[in-house]
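First the structure, in the form of structure tokens, and then the observations on it.
The values are calculated or read from the model by the stated rules, or taken from the named source; none is laboratory data. These numbers were taken from a predicted model, which means no experiment stands behind them. Note: ideal-geometry Cβ built from the backbone for every residue, glycine included; neighbour counts use all protein chains shown. Each accessible area value is taken on the protein alone, full model and side chains, heavy atoms only, with ligands, DNA and RNA left out. Shrake-Rupley method; radii C 1.70, N 1.55, O 1.52, S 1.80 Å.
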Amino acid sequence: EPKKDGKKLWAITDFDLGRPLGKGKFGSVYLAREKLSHYVVALKVLFKSQILSSDIEHQVRREVEIQCRLRHPNILRMYGYFHDEKRIYLILEYAKHGALYRLLRLLKKFDEKTAAIYIRDLTKALIYCHQKKVIHRDLKPENLLIGHNWELKIADFGWSVHSPSSRRMTLCGTLDYLSPEMVDSKPHSYAVDIWSLGVLCYELLVGLPPFESTDHSLTYKKIRHVIIKYPDYVSELARDLIGKLLVIKPEDRLPLAKVLKHPWIVQNAPEGTKPPPFDIAEQK
Ligand SMILES: Clc1ccc(CN2CCN(c3c(Br)cnc4[nH]c(-c5ccc(CN6CCOCC6)cc5)nc34)CC2)cc1
């Protein structure tokens, strides 16, 4: 079979294509099965024309080079990639239970034990990323998928970069997860992922991100001054952890290693506890 420096050269003819799993601006993701092994994957198909016209070729290249190198139970695997005349194909791990934001919308919010297990696992994945000098920069429920054991997987490294970076990012996604230094387009580092972890922790417990508001300038203001309101059901320990992550000065944010030792995590997500299964009805 065709090979290039030892690696198998994939082609679309190696796969049976299944149902679309979702559509994005630059392409779609399909369920797919490798013909010989019957291995099920998610095939992200991107259109070269769209990528070139939106000048995000460097972003796609970085997504591939970064995600192919990362091997962690809480990071979605990229097994390989190939292209033809019109399209680029990314061969990704298939996450059986879809995106976390869908589960969050269905359940409204998670109990403190479930949220703590998710935050514990994401913290471990971020420690691994930072050791590999990768900043994710876009941690939010839309980019978190759920595997067959209900474990969280960080996906979509399209916005990740090698640290340190001051790349201006065109604000296309939600502002809710932007850290103060990114809002002010200052050079940013690993600490932006620690900030996002704090935003995510709040959103898992409350169902809405902490700085959400109708108009952008108000969201920016709330981020810059860390204006947070907690519903009374959020425990003191959870508030304490979130308060140590959502800190203006990047260097003052709680280091990831200390997150794993925080009493809210230790008490609610002791080592070995696994995420609960959810019997979400298969809505057609
Ligand atoms: Cl170019 C582009 C196109 C689309 C998207 C948005 N998604 C990004 C994540 N995609 C998935 C990836 Br990558 C890997 N594994 C997946 N698994 C799923 C998935 C799995 C199951 C469902 C349906 N279930 C219905 C019942 O409840 C549970 C969910 C829906 C989606 N989506 C993905 C799906 C598409 C991002 C970029």
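If you take the square roots of the eigenvalues of the alpha-carbon gyration tensor of region 199-240 and sort them as a ≥ b ≥ c, do you get rounded (a/c under 1.5), prolate (a/b over b/c) or oblate? Prolate, because a/c is 1.5 or more and a/b exceeds b/c.
Beyond 20 Å in Cα-Cα separation lie the following of the pairs K7/K35; K96/K274; K140/K261: K140/K261. Can you compute the FRET efficiency between R71 and S28 using 1/(1 + (r/R0)^6), with r the Cβ-Cβ distance and R0 = 22 Å? Round to the nearest 0.05. So, using R0 = 22 Å, E works out to roughly 0.25. As a length-normalised measure over Cα pairs under 8 Å and 6 or more apart, the relative contact order of region 102-261 settles at 26 percent. Note that the chain presents 51 Å² accessible area per residue, ligands and nucleic acids not counted, probe 1.4 Å. Working note: Karplus 6.51/-1.76/1.60 with θ = phi - 60° gives region 90-104 the couplings 10, 8, 10, 4, 8, 9, 4, 9, x, 8, 4, 4, 5, 5, 5 Hz, where Gly and Pro are set to x.
Against the chain, whose longest principal axis comes from its Cα atoms, helix 191-206 is set at around 80 degrees. Let a ≥ b ≥ c be the square roots of the eigenvalues of the Cα gyration tensor of region 63-222; is it rounded (a/c under 1.5), or, if not, prolate (a/b larger than b/c) or oblate? The shape class here is oblate.
Computed from point charges on the beta carbon alone (+1 for Lys and Arg, -1 for Asp and Glu), the dipole magnitude for the chain about its Cα centre is near 400 Debye.
Compared with the dominant principal axis of the Cα atoms in the chain, helix 57-69 is inclined by about 80°. The helix-based estimate of mean residue ellipticity at 222 nm for the chain, built from -39,500 (n - 2.57) per DSSP H run of four or more residues and divided by its residue count, is -10000 deg cm²/dmol to the nearest 500. Rounded to the nearest 10 degrees, the inclination of helix 236-245 to the longest alpha-carbon principal axis of the chain is 60 degrees.
Using a probe of 1.4 Å on the protein chains alone, the accessible area found for Y233 is around 110 Å². Taking the Cα centre of region 15-98 as origin and assigning +1 to Lys and Arg Cβ atoms and -1 to Asp and Glu Cβ atoms, the resulting dipole is close to 220 debye.
Derived scalar couplings between HN and Hα for region 106-113 equal 5, 8, 6, 7, 9, 6, 5, 5 Hz in order, rounded to whole Hz, by the Karplus curve 6.51 cos²θ - 1.76 cosθ + 1.60 (θ = phi - 60°), x for Gly and Pro. Using a cutoff of 8 angstrom between alpha carbon atoms and counting only pairs six or more residues apart, the relative contact order for region 1-157 works out to 20 percent. Rounded to the nearest 20 debye, the dipole size of region 72-145 about its Cα centre is 180 debye, using +1 on the Cβ of Lys and Arg and -1 on the Cβ of Asp and Glu.
Restricting the calculation to Cα atoms, the chain yields a radius of gyration followed by a Dmax of 19.3, 62 Å.
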